[in-house]
1. Taking Rh as the Kirkwood radius, which is the inverse of the mean 1/r over Cα pairs, what is the Rg/Rh value for region 1-124?
2. If I model a spin label as a point 7 Å beyond the Cα along the Cα-Cβ vector, how far apart are those points for Ala67 and Met1 in nm?
3. Quick one: dipole size for the chain, taken about the Cα centre, charges +1 on Lys/Arg Cβ and -1 on Asp/Glu Cβ, in debye to the nearest 20.
4. In the P(r) worked out for region 72-124, what percent of Cα pairs fall beyond 17 Å?
5. Mind pulling the angle between the C-alpha long axis of helix 3-17 and the longest principal axis of the chain? Nearest 10 degrees, somewhere in 0 to 90.
6. Going highest first, how would you order 127-135, 14-22 by mean Cβ packing within 10 Å?
7. Using the Karplus equation 6.51 cos²θ - 1.76 cosθ + 1.60 (θ = phi - 60°), what ³J(HN,Hα) coupling, rounded to whole Hz, does each residue of region 58-66 give in order, writing x for Gly and Pro?
8. Under 14 Å from the Cβ of Gly63, count the other residues' Cβ atoms, weight Lys and Arg +1, Asp and Glu -1, and hand me the total.
Amino acid sequence: MTNNEVANALLQACQKRGIMLATAESCTGGMIIAALTDIAGSSAVVDRGFITYSNEAKMDMLGVSAATLDAHGAVSRETAIEMAKGALARSRAGLILAVTGIAGPGGGSADKPVGLVWFGVALAGRPTIAERQLFVDKGRDFIRRETVRHALELGLQAFG
């Protein structure tokens, strides 16, 4: 499925369940919320998108703790989970898609290479989950587009 098809399926799944959706995005800079709001009628289920590119934004807008960022870094399981939980607490949404990663071309390291993305998914009433993906480094645009696709797919999978 294309990103547009997955986004449409996710919007329909949310609407069917009466659940609002929000995003907490770092490396995608709003591309996930854009993919959703590109679809007519998305306002029925899309609540908001938090674009938290800097650590300060993650702390100010989502309540990610400085201790988490200091201990684990912005690109980590712990940060993705705190981003998702923070967005859930700060929105009307019942489903949150959170992403934090290294899209490149710089910024990678041996421990956290370019293409590493952590996803956080919070569904109200269920434990928040995190997933790690290491996308092939075929350039910044490729990594960001694959991150959007995977986040949308995780949103669909959250409903079981």
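Rule-based calculations on the coordinates, nothing more; no lab input. Just so we're clear, the structure is a prediction, and the values are computed from it rather than from any experiment. Here Cβ is always computed from backbone atoms with ideal geometry, including for glycine, and neighbour counts include all displayed protein chains.
1. Here the Rg-to-Rh quotient is 0.99.
2. Spacing of the two 7 Å Cα→Cβ label points: 4.0 nm.
3. Result for the chain is approximately 340 debye, rounded to the nearest 20.
4. 38 percent
5. On a 0 to 90 degree scale, this one is about 60.
6. In descending order of packing, they fall as 14-22, 127-135.
7. 4, 6, 5, 8, 10, x, 5, 7, 4
8. -1
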